[in-house]
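Here is the structure we will look at.
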Amino acid sequence: MTLNQIRAFIMVAQHGGFSAAARMLGMSHSTLNSQIQMIEREYGAELFHRRGRRVELSALGLEVLPLARQMVALEGDMRLMLGDSGRLQRGALKIGAVGPYHVTEMIETYHAIHPRINLSVKLGNSEVVLEDLDKYQCDVGVLARRYPDERYYMQPYASYPVIAFVRIDHAFARRKSIALADLAGQPLLMREPGSTTRKALEDALALNGVKVDVAMEIGSREALREAVARGLGVGTVSESEYVPDPRLRPLRIEGDAVSTHIHVCCLRERMGSRLIASFFEAIGQGGKQKQARAAVRAARA
């Protein structure tokens, strides 16, 4: 039984005959009659009593009619809902992210453009975010590096230099910047293996032939900040994630020798979704504005 057949049944019941109902539906009498007969043959049921040109609902037809009207009404509601979603008047977007800093900024940008869309965020490492994308448990992901996998569409968002930071009584605290080579011989506090910031720093150190002394591995930014504040060593962090603290002094690494690169991604097969595409469009605009502001700050520095 199709929705077209259900609509045909409702129109015949409403107009008390096939001719008037056929005119309203813009179809021939025989086509309309065949629609009703198909339902009756399929279920071995009688929906109408035919009395010459007039038809009357059978007892079963009287019971079926309110259900048929509900089904057509629900189909109309579904069309309206889908239309609102396509126009971004309603909907829900699930975001997976490796950290709160960048995704919060993206949410602010997106919400300003599409305030009716409900956003939710789940934090996890890169593997968790990609697994959630694969399982459709999140719609877009925010990652700190690009993954060369054809299943995913990756859009660059922004690049940030990695900076060092020390306690205010450290010898480096009187300086505004240090060279990458200055980290040699310093007790270096590192994030856990798998950290994007750590990998970027290790790659830069290896490229420049700088050997460092890793004094401690620490599994969170907050714990790393506290360890530096207690004088246990020198820390590094993406500039965008540095939290000012009167106990600490941030230091640029000369030439911005170390950088992290934020990407937004989704399953390539889902790029046709208007809702998902709208997120990429919004953060694309926000990313360009952010990069322009960063360039201005760098020129003034």
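The values are calculated or read from the model by the stated rules, or taken from the named source; none is laboratory data. None of these values were measured; they are calculated from a predicted model. Every residue, glycine as well, gets a Cβ built from its backbone with ideal geometry; the counts of neighbours run over all protein chains shown. Ligands, DNA and RNA are excluded from the accessible area calculation, which covers all protein heavy atoms including side chains. Shrake-Rupley method; radii C 1.70, N 1.55, O 1.52, S 1.80 Å.
Starting from the Cα of Glu56, step 7 Å along the direction of its Cβ; do the same at Glu254; then give the gap between the two resulting points in nm.
If labels sit at Glu56 and Glu254, their model points lie 10.1 nm apart.
May I ask you to derive the relative contact order of the chain, considering only C-alpha pairs under 8 Å and at least 6 residues apart, and to give it as an integer percent?
20 percent.
Separation between the Arg41 and Met24 pseudo-spin-labels, each 7 Å from Cα along Cα→Cβ, expressed in nm?
2.5
Which aspartates and glutamates does Lys199 reach when only Cα atoms under 14 Å apart count, and residues fewer than 8 places away in its own chain are ignored?
Glu217
I'd like to know which of Gln137, Ile107, Leu47 lies farthest towards the positive end of the charge dipole of the stretch 29-139, counting +1 on Cβ of Lys and Arg and -1 on Cβ of Asp and Glu.
With unit charges placed on the Cβ atoms, the residue in question is Leu47.
Quick one: 3J(HN,Hα) in Hz for the stretch 250-267, Karplus 6.51/-1.76/1.60 with θ = phi - 60°, rounded, Gly and Pro as x.
Residue by residue, the stretch 250-267 yields x, 9, 6, 9, 3, x, 6, 5, 10, 9, 10, 10, 8, 10, 10, 9, 8, 5 Hz.
Once amide H atoms are built 1.01 Å from N in the peptide plane, which residues 5 or more positions from Lys122, or in another chain, come under 5 Å H to H?
Ile95, Gly96, Ala97
Would you mind working out the magnitude of the charge dipole of the chain relative to its Cα centre, with +1 at each Lys and Arg C-beta and -1 at each Asp and Glu C-beta, to the nearest 20 Debye?
Working: 40 positive and 33 negative charges, 197 e Å.
Using Cβ point charges on Lys, Arg, Asp and Glu, the chain gives about 940 debye.
Which of Met24, Met81, Gly61 sits closest to the plus end of the dipole of the stretch 3-83, meaning its Cα is farthest towards the positive end, when Lys and Arg get +1 and Asp and Glu get -1 on the C-beta?
Met24
Just for the Cα atoms in the stretch 3-83, what are the lengths along the principal axes, largest first, rounded to whole Å?
43, 26, 20
So if I take the centroid of the Cα atoms in the stretch 73-141 and the same for the stretch 168-183, what is the distance between those two points in Å?
Between the Cα centre of the stretch 73-141 and that of the stretch 168-183, the gap is 42 Å.
Of all accessible surface on the chain at a 1.4 Å probe, what whole percent is carbon and sulfur?
53
Hey, what's the stretch 158-222 come to in accessible area per residue, 1.4 Å probe, Å²? List each step's numbers first, then the result.
Working: 3330 Å² over 65 residues.
It amounts to 51 Å² per residue over the stretch 158-222.
What length, rounded to one decimal in nm, is gained on full extension from Glu63 through to Thr2, with 0.36 nm per residue of separation minus their alpha-carbon distance?
20.1 nm
Hey, can you grab everything whose amide H is under 5 Å from the amide H of Val162? Only 5+ residues off in sequence or another chain; H modelled, so Pro and N-termini drop out.
Glu239, Val258, Ser259, Thr260
Once R0 is set to 45 Å, what does the formula 1/(1 + (r/R0)^6) return for the Cβ-Cβ distance between Glu239 and Arg270, expressed as a FRET efficiency to the nearest 0.05? Spell out each step's value before the answer.
Working: r = 32 Å, r/R0 = 0.71.
With a Förster radius of 45 Å, E is 0.90.
Could you tell me which of Tyr157, Tyr147, Ala229 has its Cα farthest along the dipole of the stretch 83-241 towards the positive end, charges placed at Cβ (Lys, Arg +1; Asp, Glu -1), taken about the Cα centre?
Going by the charge dipole, the pick is Ala229.
Going out from 0 in 20 Å bins, what whole percent of all Cα-Cα distances in the chain drops into each bin?
Going out from 0 Å in 20 Å bins, the chain shows 26, 34, 20, 14, 7, 0 percent.
Taking the simple approach of a point 7 Å from Cα along Cα-to-Cβ for both Ala184 and Val72, what is their distance in nm?
Label at Ala184, label at Val72, 8.3 nm between them.
Using 1/(1 + (r/R0)^6) with R0 = 22 angstrom and r between the beta carbons of Arg79 and Arg116, what's the FRET efficiency to the nearest 0.05?
That gives a FRET efficiency of 0.75.
Considering the alpha-carbon set of the stretch 9-55 alone, what are its Rg and its Dmax in angstrom?
Spelled out, the Cα radius of gyration and Dmax of the stretch 9-55 are 10.0, 27 Å.
Full extension from Lys176 to Lys135: what is 0.36 nm times the residue separation minus their Cα-Cα distance, to one decimal in nm?
So the chain would gain 10.1 nm between Lys176 and Lys135.
Specify, per residue and in Å³, the volume enclosed by the convex hull of the alpha carbon atoms belonging to the stretch 158-260.
Here the figure is 91 Å³ per residue.
Check the straight Cα-Cα distances from Lys211 and name the aspartates and glutamates below 20 Å, setting aside those fewer than 8 residues away within the same chain.
Those aspartates and glutamates meeting the cut-off are Asp182, Glu192, Glu202, Asp203, Glu254, Asp256.
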